[in-house]
Amino acid sequence: MTIVIKTEADIEGMRVAGRLASEVLDYITPHVKAGVTTGKLDKLCHDYMVNVQGTIPATLGYAPAGHRPYPASICTSVNHQVCHGIPGEKVLKHGDVINIDVTVIKDGYHGDTSRMFMIGEPSIQARRLSEVTYEAMWRGIRKVKHGATIGDIGHAIQSLAESNGFSVVREFCGHGIGKKFHEEPQILHYGKPGQGMTLKAGMIFTVEPMINAGKKDIRMLGDGWTVVTADHSLSAQWEHTVLVTEDGFEVLTVSAGSPAAGATQPAAAHA
Ligand code: MF3
Ligand code: CO
Ligand code: CO
């Protein structure tokens, strides 16, 4: 297993890529409303990345082993869709909740981040699921420091999710990221304190819990990408890219529009 310890130059490149990814979410926020199609959101983000930022949408044509090339520049996962929803003709309607996941490449470095958005007034359960998932991501991130373990992160996330009656998706996890989109290590969103690999200063990875309102089981749709909950329950996800430091962490996917850490009512969730 090769885990890249980033150099100062890598870290600076990752700060830029991370900020740019977050700025795509800032840019798209006012467009995420009833009546818009997910395909329109994809087109807007694509054009912003390519024409305004000069970034490359990392997901467009991305084809890991066993997958057909992903056909869009963002992922849009609505309601019971867990992750990797493909933008298209779907029209957002009042009460929907949607995760938008953006990964850009700038000067060879990847920045990967996602947020939840609510269309109009969502159900009490949908709002609570999004808020708990946001707090779970932050509890995981707050465990990050040189000498902590991957299990410390996973346990913090899993215990909050399950104490709220929700479940953690197992098949997808956070990942090392840098010049490659997905690299070692895998950051599980469940686990036990002290277990798993020890974190080292200079590692960069994502924390991106997928939390279901119902059971943890998932299914893949026939398009080969879209993941949904097996029981059709709602699912939520938030994602940041994080640097391990000697005494803690630095979140790299931050921008002017990032919801505050520790917000009980994430600002973006009301968009
Ligand atoms: N951005 C996703 C992640 O957080 C990966 C999307 S890959 C795609 O790892 F091909 F589905 F776009
Ligand atoms: Co990711
Ligand atoms: Co992502």
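For this structure, a couple of remarks:
- Restricting LEU160, LEU199, LEU221, LEU234 to residues that are free of Cβ contacts under 8 Å to residues at least 40 places away in the same chain, buried (at least 20 other Cβ atoms within 10 Å of the Cβ) and out of contact with any Ser or Thr (no Cβ under 6 Å at 6 or more places or on another chain) narrows the list to LEU160.
- Inclusion of GLY154 among residues that are within 30 Å of ALA63 (Cβ to Cβ), assigned to a helix (DSSP H, G or I) and more than 16 Å from ligand 1 (Cβ to nearest atom) is warranted.
- Single condition HIS175 does not satisfy, out of (1) over 15 Å from ILE141 (Cβ atoms); (2) of a type outside the set (A, V, I, L, M, F, W, C); (3) within 16 Å of ligand 3 (Cβ to nearest atom); (4) open to solvent by less than 20 Å² (accessible area, probe 1.4 Å): (1)
- PHE172 meets all of the listed conditions (1) within 16 Å of ligand 2 (Cβ to nearest atom); (2) in contact with a Gly (Cβ under 6 Å, 6 or more places away or on another chain); (3) not in a strand (DSSP E or B) but one, namely (2).
- Residue within region 83-90 that is in contact (Cβ under 8 Å) with a residue 12 or more places away in the chain, under 17 Å from ILE28 (Cβ atoms) and either open to solvent by less than 10 Å² (accessible area, probe 1.4 Å) or within 16 Å of ligand 2 (Cβ to nearest atom) (or both) present: yes
- One residue stands out among those in region 1-15 that are touching a Leu at 6+ places or on another chain (Cβ under 9 Å) and either of a type outside the set (Lys, Arg) or not in a helix (DSSP H, G or I) (or both): the one that is surrounded by the fewest Cβ atoms within 10 Å (Cβ to Cβ), which is ILE11.
- Cβ separations smaller than 6 Å between residues 6+ apart or across chains give the following pairs from region 126-155 residues that are more than 17 Å from ILE204 (Cα to Cα) to residues that are among the basic types (Lys, Arg): HIS155/LYS192.
- Screening ILE218, ILE211 for residues that are aliphatic (A, V, I, L, M), within 16 Å of ligand 1 (Cβ to nearest atom) and in contact with a Lys or Arg (Cβ under 9 Å, 6 or more places away or on another chain) leaves exactly one candidate, ILE218.
- Among the residues of region 203-218, the ones that are open to solvent by 10 Å² or more (accessible area, probe 1.4 Å) and either touching a residue at least 40 places away in the same chain (Cβ under 8 Å) or in contact with a Gly (Cβ under 7 Å, 6 or more places away or on another chain) (or both) come to 6 in all.
The values are calculated or read from the model by the stated rules, or taken from the named source; none is laboratory data. The shown structure was predicted, so the numbers you read here are calculated from the model rather than taken from an experiment. Methodologically, a virtual Cβ is constructed for each residue, glycine included, from the backbone with ideal geometry; neighbour enumeration extends over all protein chains shown. Just so you know, the surface numbers come from the protein's heavy atoms only, side chains and all, with ligands and any DNA or RNA stripped out. Shrake-Rupley method; radii C 1.70, N 1.55, O 1.52, S 1.80 Å.
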